[in-house]
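I have placed the structure first, in the form of C-alpha cells, so that the comments after it can refer back to it.
What follows draws every value from the coordinates through simple rules; no lab data is involved. Because the structure is a prediction, the values reported are computed rather than measured. Cβ placement follows ideal geometry from the backbone for every residue including glycine, while neighbour counts extend to all protein chains displayed.
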Amino acid sequence: MNNVKKMVFTGLLIAFAIIIPIQFSFLKITIPPFTATLAAHVPMFLSMLMSPSTAIIVGIGSAIGFLLSGTPLYVVARASMHIIVGGIGALMIKKGVSFTKVIAITAPIHGVLEAIAVIPWYGINVYQLLIVVALGSIIHHVADGVITVALVKALSKALGRDISKNLFTT
C-alpha cells in the first residue's frame, strides 16, 4: 500500500476521532469526572493497525475533537491519553501481539492514565480516580474494543484478508 493511501486512511481516522465527540454526544454517559462517548476509541484502535505514528496522530485528533466539542478540559485531558495508549498498542501490534490481546493489555493502562489525567481538577480522591474514572475507562475501552474487533472482522471478510495484524499488509 503506498504512502498516499496511508495518508488518506490516517486523515479519515483523524476526522472520525474529531467528529465522534462532536456529533455523537447523544451516545455519551456522564458520571463526573468520568464520561464515555460510545465508539470514541474506535479510531484509536484502528490506527493501531497502521503504525505507531498514525496512532499518535489520531490520538491528537481525538483530543482536538473533545476540545472542539466543548467538553470540560478534564475530558480533553483524558482524551489526550489516547495518544499514549494508541502509541503503546501500535508498538505491541508491530511486535506481533494479537489485536485482541493489545486491547486487553492496554485497557488497564488506559484506565490508569485517564485517572491520572483528572488529578489536577479532582485531586486525589481514591473513589473518583480508581472506581469512577479508571474502572469506567476500562469498561469503555473494552466496549469500544468489542465494536472495533467486530468491525475489523467484517472488514477482513469483505477484503478477503486478515487486517487484524496490519491494515496495510497485502
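Points to keep in mind about this one:
- Normalised contact order of the chain, rounded percent, pairs of Cα under 8 Å and 6 or more residues apart: 25 percent
- Whole-Å semi-axes of the ellipsoid equivalent to the range 3-159 (Cα gyration tensor, √5λ, descending): 25, 17, 14
- Part-to-part distance (alpha-carbon centres) for the range 37-113 and the range 18-33, which is given in Å: 16 Å
- Cross-link reach list, lysines versus K94, counting only Cα pairs under 28 Å and skipping chain neighbours closer than eight places: K5, K6, K153, K157, K165
- Neighbourhood net charge (15 Å Cβ-Cβ; Lys/Arg +1, Asp/Glu -1) for P33: +1
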